[in-house]
Each structure stands twice: as structure tokens, then as C-alpha cells.
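Right, one structure below, let's go through it.
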Amino acid sequence: MRKGITQAINKIVEFMRTHGSRNHPYFPFYLLIFLAFIVFVLGLNVFVELSEEISGKALRRYDTQVTDYITSFRSPELNKFFQFITDMGDLYAYIIATTLAAIYFFFKLRNKWFLFQLLGVLIISALANIALKRAFNRARPTIEHLVVVKSLSYPSGHAMSAMAFYGFLTYLVFQIKMKRWLRAVLSTIFIFLILAIGISRIYLGVHFPSDVAGGFIAGLIWVAFCVVLFNIIALLRARKRDREGNVEVEENLED
């Protein structure tokens, strides 16, 4: 498998050498597809290796040490804070965030495509998480839970959805023209939410650290895959427009 992946990467690198001139009109598409594909491949390998170790002694020892350290900071004030943070990775928070994003995409950018992308990333990542949980069938930690949970443990659905949703929003922030300070603020907020939601799941006692790590990696894999897919679609559309434009020019010249 790794040999095949290496060959595929080498082919992409060679393609970038021949078609990747910065002056090429499709260079941004090629660059994003290439970088996202690298993230996808590396993330997939890390996720597979981590998943193979979830029942190992070394990982259990790591989980215990990290969990003990994080839960040692429990206090009534922090309990409320992390319960609020974990709610930012729940369904209602995503509905509110998606609604705000939809308003911005529709009325400010006049772009429905971004909304469809965001919804696709979130919905399919949630469905994929359900399938992964059933496949690995890992029980929740036995320590005290500060929130109610009913599903299985690995990978963390909150961590995976946060990485998929807020991670893809971070990607979109860099695709939209806006002031640099606003881009920096938004991306910082989204990255903070991703990390904070993951930590909250450990703090609240409902996930092992490896669950959160697996959720982050799985979410990142899905974001990378979607970036590859959406940019390929955009590239094909751009090529089609260019071809149609050339045809129109030729027809005008004949007239």
C-alpha cells in the first residue's frame, strides 16, 4: 500500500513540475489539490497506525496519564466552562453556526456552493463517525462523566466533527477575500474551538485522549479529501468555461 502511495505522490510531484508554474492559470487548483492530497495520505497512515494501538498497553498508559493530568484541574467553574465548550460541538451549535455562515455566503458573497460544501463536510463526517465507532466498538472511560453520553468512544465524534466543520471553515476563510486581521481573528477562533472541544471531552471524562486524537485525525482526513474533491470540481468547471469561451471566440471570428 505504501509503495503505491509513494508512486502516486511521485506522479503528482512530476505533474506539478510540468504544470505547476505560478503563471499557469490553474496553478492555485493544482497546488491546493497536491497539498490536500499529501495531508490526506499522511493522515490516513497515522489514523490506521493509531487505530491498531487502541487496545495496546502503551496507549492505555498514555491515556491514563493524560486523563489524570487534565481531570486534576476539575473545579465547579471549569466544569461549567468545559460543559459550555463541549456544547459548541453539539448539533444546535452547528445549526446556529451554519445558519450564520449561510447568511454570509448568500447575502454577502452570493455563493451557494460554499454552503453546500460546508453541509456536505459536516453531515458526511458525522455519518462516517458513527460507522467508525461501530467498527472499533471501544467502550467509554470508566471515570466519572460530567455529561451524559450514550454512544461508543473511538473516535471522538465531537473532535471529528469539530475538526471537519471548524477546520473546513478555516479553509474557506483563506478562500474568501477579506481583511487580514479579520482572517486572522476568525481562523484563531476556529482553531481554538477545535482544540478546546477536544480537551473538553477528556476533561468531562467521556473520552480517552486517543479518542480525541483519532477524531482530530479522521476529521482532518475528511477535510483534506473534500478540499481535493471540491478543487477538482472547480478546476473542471474552470476548464469547461475556458473551452466554451474559446469556442465563442472562434465562432465570432468566423462571423
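The values are calculated or read from the model by the stated rules, or taken from the named source; none is laboratory data. Bear in mind that the values here come from a model prediction, so they are computed numbers and not experimental data. Neighbour counts are summed over all protein chains in view; Cβ atoms, including those assigned to glycine, are modelled from backbone coordinates with ideal geometry. Surface areas here come from the heavy atoms of the whole protein model, side chains and all, with no ligands, DNA or RNA. Shrake-Rupley method; radii C 1.70, N 1.55, O 1.52, S 1.80 Å.
The table below lists the values:
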{"quantity": "Members of segment 146-168 found to be open to solvent by 20 Å² or more (accessible area, probe 1.4 Å) and either under 22 Å from A218 (Cβ atoms) or in contact with a strand residue (DSSP E or B) (Cβ under 8 Å, 6 or more places away or on another chain) (or both), listed by number", "calculated": "V147, V149, K150, S151, L152, H158, M163"}
{"quantity": "For K177: the one exception among (1) open to solvent by less than 80 Å² (accessible area, probe 1.4 Å); (2) at negative phi; (3) outside any helix (DSSP H, G or I)", "calculated": "(1)"}
{"quantity": "Where F73 falls short, out of the listed (1) of a type outside the set (G, A, S); (2) more than 20 Å from M178 (Cα to Cα); (3) part of a helix (DSSP H, G or I)", "calculated": "(3)"}
{"quantity": "Lone qualifier among I143, I123, I217, I191 - being aliphatic (A, V, I, L, M), in contact (Cβ under 8 Å) with a residue 12 or more places away in the chain, part of a helix (DSSP H, G or I) and open to solvent by 50 Å² or more (accessible area, probe 1.4 Å)", "calculated": "I191"}
{"quantity": "Residue list for segment 37-65, restricted to those being open to solvent by less than 40 Å² (accessible area, probe 1.4 Å), assigned to a helix (DSSP H, G or I) and within 13 Å of P209 (Cβ to Cβ)", "calculated": "L50, L59, D63"}
{"quantity": "Flag if L115 is in a helix (DSSP H, G or I), open to solvent by less than 80 Å² (accessible area, probe 1.4 Å) and at pLDDT 90 or above", "calculated": "no"}
